[in-house]
Structures are given as C-alpha cells and as structure tokens.
Amino acid sequence: KAGVTQTPRYLIKTRGQQVTLSCSPISGHRSVSWYQQTPGQGLQFLFEYFSETQRNKGNFPGRFSGRQFSNSRSEMNVSTLELGDSALYLCASRTGHQETQYFGPGTRLLVL
Amino acid sequence: GESVGLHLPTLSVQEGDNSIINCAYSNSASDYFIWYKQESGKGPQFIIDIRSNMDKRQGQRVTVLLNKTVKHLSLQIAATQPGDSAVYFCAENFGDTGRRALTFGSGTRLQVQP
C-alpha cells in the first residue's frame, strides 16, 4: 500500500496570506489527523477528521481549519498567516478503529 | 532541514550496543502509548505501540516497557545500528472514542557511533 502523501512538500508565504495543504491517507483509512511541529513546541495536535466530520480539535486559533472529502483526502487551511505559523505540518491517517497513526512526510511552511 | 527541537536530550551509543530511551508521560488515564522514529526531513515513522493492560511488548529488535505506577515508558533497541540514528518520540492517548488525540513527548536524539 502507498503511504500517506502530502502536497506540497515546501511552501513559502508572506504574513497575511492564506495557505492550503493537502493530505491523501493510506487507502482504506478514514481518519486523518493534522499536527504542527516546531522546534519550540514540538508536535502538537491540530484536529482529526473522520468520515468528513471533524471529530476532535486541539488548542489552535480559528485561523486553522480543515476539511475532509468523501474519498478521505483532507485539506487544512491557515488564514492570515503569522511568522509563528512557520512549521512542519504533518498529516497522519488510521483506519478509525485502530489506534496506530501513520504519518506522511509533512509540508514545511515558511512564513516571511 | 531540522524539523525538531535543537536542544533535545541526546543519547550517544556505540554501534552494536543496546539503547534505552526513556519517556515520562503525563496523564494517568492514558491507555495507549506509541513510539515513533523521526529522521531529518521526514515524518515520524511508527516503531511499536502498547496498551495499558500490558507492561511489555516486543517487536523486531525493539521492546517497549510500560510502568504505570511511575508513568514511565521506555524503548529498548537491541544491537543498535547507524540507521537507528534519529529523534525518537513517545506519545500517549486517552479519552473516549472520537475525542482521542496523541500527546507527544519532546523527543530524544539517538546518535549511533560507528
């Protein structure tokens, strides 16, 4: 099976812009979670989607949003980018009934 | 590029030795634990997991030990190889179905000396 894929792999944006990141889960996986990884804060949970519904949400401002499509692919959007949003954004998928999450390679976002 | 903390605790071992990476978790209600390995520029890679009804689980060259009394998790890697060099994260999970989310530790950098 192909692993979790994320596009794009790298992005450079400027403050105030918005960005959309995409994640394709492992085939058959219906749950997609998003995480932000920074040197200062480590890996932090953003949200989880299951069957097109947001099932859980971390402590991030409303500028961070996401959605999931009927084929389980997911997107996350960050509006009004701030310098502190520079990070590696990771997507992880699982079947929805099992705990083990499998991560993609991440999208590295740099906000200038 | 660097994707994890610059001041992580570091464990340096000789090739062929056994490695033990420790993790203190925070929530006594956590019932699922998982170890990931992250190489530079890559996403975390699943290594092994364990549920709270177990205290030991073995995989290929790896063993996870769980001590719920002191909220401690360890990852043992046998016959450590240069390819094991990476940052290792433990994570815990708790809560009702639908409200669960992994909480990650800060990570440990493993350096394997040839």
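Quick notes on this structure:
- Taken over the alpha carbons of chain A as equal point scatterers, the Debye sum produces base-10 log I(q)/I(0) values at 0.18, 0.22 Å⁻¹ of -0.82, -1.21.
- Rg over Rh, two decimals, chain B (C-alpha only, Kirkwood Rh): 0.97
- Cα gyration tensor shape for region B:1-60, rounded if a/c is under 1.5, else prolate or oblate: prolate
- Rounded to the nearest 20 debye, the dipole magnitude of region A:1-59 is 100 debye, with +1 charges on Lys and Arg beta carbons, -1 on Asp and Glu beta carbons, and the Cα centre as origin.
- Förster-model FRET efficiency, 41 Å R0, residue B:17 and residue A:2, C-beta, rounded to 0.05: 0.70
- Sites listed here are trypsin sites (Lys or Arg not before Pro) in region A:5-112 whose DSSP assignment is loop and whose Cβ has at most 13 other Cβ atoms within 10 Å: A:9, A:15, A:63.
- Estimated distance in nm for a label pair at residue B:76 and residue B:40, the labels positioned 7 Å out from Cα along Cα-to-Cβ: 3.1 nm
- Principal axis dimensions, largest first and in whole angstrom, of the protein assembly as shown by Cα: 49, 37, 34
- Chain B: relative contact order as a whole-number percent, Cα under 8 Å and 6+ apart: 36 percent
- Residue among B:111, B:41, B:69 farthest towards the positive dipole end of chain B, charges placed on Cβ: B:69
- Modelled spin labels at residue B:96 and residue B:26, positioned 7 Å past Cα toward Cβ, are 2.2 nm from each other.
- Point-to-point label distance, residue A:12-residue B:10, nm (Cα→Cβ direction, 7 Å offset): 3.0 nm
- Annotation note: chymotrypsin sites (Phe, Trp or Tyr not before Pro) in region B:45-114 located in DSSP loop regions with a Cβ neighbour count of at most 12 within 10 Å are absent.
No value in this document is a laboratory result; all are computed from the given coordinates. None of the values given here were measured: they were computed from a predicted structure. Here the Cβ is made from the backbone with ideal geometry for all residues, glycine too, and neighbour counts use every protein chain on show.
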